[in-house]
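The values are calculated or read from the model by the stated rules, or taken from the named source; none is laboratory data. This one's a predicted model, so the numbers in the text were calculated from it and none came from an experiment. Using ideal geometry, Cβ is built from the backbone for each residue, glycine included, and neighbour counts are taken over all protein chains shown.
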Amino acid sequence: MSPVAPLPFLPAAVIFDMDGLMLDSERAILDALRTAATEHGMRIDHDWWLGLIGHSDEVCRRQFGALIGDAAAQAVLARGHALYIAVAEAGIAHRPGIVALLELLAAHGIPRAVATSTWRPLALRKLAAADLLWRFDAVCTSSDVARPKPAPDVYLLAARQLGVDPAHCLVLEDSPTGVRAALAAGMTPVQVPDLLAPDDDVRALGHRIVDSLAHAQALLEPLLRTLPRTSSTAARK
């Protein structure tokens, strides 16, 4: 991957997407939906599935309905949801590097929030099952705002809950939809792509794109060295 420009400021807060960024859940979600579709005798192109990444449940329902009809979409989504919940409650695997990054931010007293397109009850269950919930100062979901990503609402809510100016927030996202939401909020996004590689339109947005959370951490480390470290007790919230 090409060299990435240094971050222009020390963020006053870091806001994290959840699915595909912290949790390896995009694969689990798509696998569950593909299984449900197959059980109902449907074969759907792989690229169409990738187009669901980063969108809210309501947007996904509309896209399914347009593709296979509302009745079939309701059946497939209900079955896929049941399959996925079983996986989520067992604890979805972390994306590599997430714990190290969260521990580094906590050790330097940088506030942390989640901003996800997932509905609140499921988001909290997934974060708790993955032992990540306690690491955040705020969790903001699509249940809490009027408009889902790519609208900026969930990111602006996270900034308000942290008491930080949006312009001083760093966002970590995996999806183009989330990057657009962060930019619309006036924040600085760093994209860590998972299943969906950035195309030319996404790259034209001009944001930073890195190949891993470890790379994102490397962008932050020179800035964090200017701050004192907190005690390990204070870092655990």
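What to note about this one:
- Check on residue 167, under 17 Å from residue 22 (Cβ atoms) and either modelled with pLDDT of 95 or more or hydrophobic (A, V, I, L, M, F, W, C) (or both): no
- Conditions (1) in contact with a Leu (Cβ under 6 Å, 6 or more places away or on another chain); (2) surrounded by 22 or more Cβ atoms within 10 Å (Cβ to Cβ); number of the one not met by residue 25: (1)
- When we screen 76, 4, 14 for residues that are among the aliphatic types (A, V, I, L, M), over 21 Å from residue 196 (Cα atoms) and at pLDDT 90 or above, the only hit is 14.
- Screening residue 12 with (1) surrounded by fewer than 20 Cβ atoms within 10 Å (Cβ to Cβ); (2) of a type in the set (A, V, I, L, M, F, W, C); (3) touching a helix residue (DSSP H, G or I) at 6+ places or on another chain (Cβ under 6 Å); (4) farther than 30 Å from residue 222 by Cα gives one miss only, at (4).
- Test: residue in region 92-101 that is free of Cβ contacts under 8 Å to residues at least 40 places away in the same chain and loosely packed, with under 14 Cβ neighbours inside 10 Å: no
- When region 162-217 is filtered for residues that are part of a loop (DSSP other than H, G, I, E, B) and of a type in the set (A, V, I, L, M, F, W, C), the ones remaining, listed by number, are 164, 185, 187, 192, 195, 196, 197, 204, 205, 210.
- Residues of region 28-52 that turn out to be surrounded by 16 or more Cβ atoms within 10 Å (Cβ to Cβ) and either assigned to a strand (DSSP E or B) or not small (Gly, Ala, Ser) (or both), as a count: 6
- All positions within region 214-232 that are polar (S, T, N, Q) and surrounded by fewer than 16 Cβ atoms within 10 Å (Cβ to Cβ): 226, 230, 231, 232
- In summary, residue 187 fulfils each of the numbered conditions (1) crowded, with 20+ Cβ neighbours inside 10 Å; (2) among the aliphatic types (A, V, I, L, M); (3) in contact with a His (Cβ under 8 Å, 6 or more places away or on another chain) with the single exception of condition (3).
Okay, residues lined up against (1) closer than 15 Å to residue 185 by Cα; (2) in a helix (DSSP H, G or I):
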{"residue": "106", "(1), (2)": "no, yes"}
{"residue": "109", "(1), (2)": "no, no"}
{"residue": "122", "(1), (2)": "no, yes"}
{"residue": "128", "(1), (2)": "no, yes"}
{"residue": "134", "(1), (2)": "no, yes"}
{"residue": "146", "(1), (2)": "yes, no"}
{"residue": "157", "(1), (2)": "yes, yes"}
{"residue": "160", "(1), (2)": "yes, yes"}
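- Evaluation of residue 211 against (1) farther than 14 Å from residue 173 by Cα; (2) surrounded by 11 or more Cβ atoms within 10 Å (Cβ to Cβ); (3) of a type in the set (Asp, Glu) (one fails), failing number: (1)
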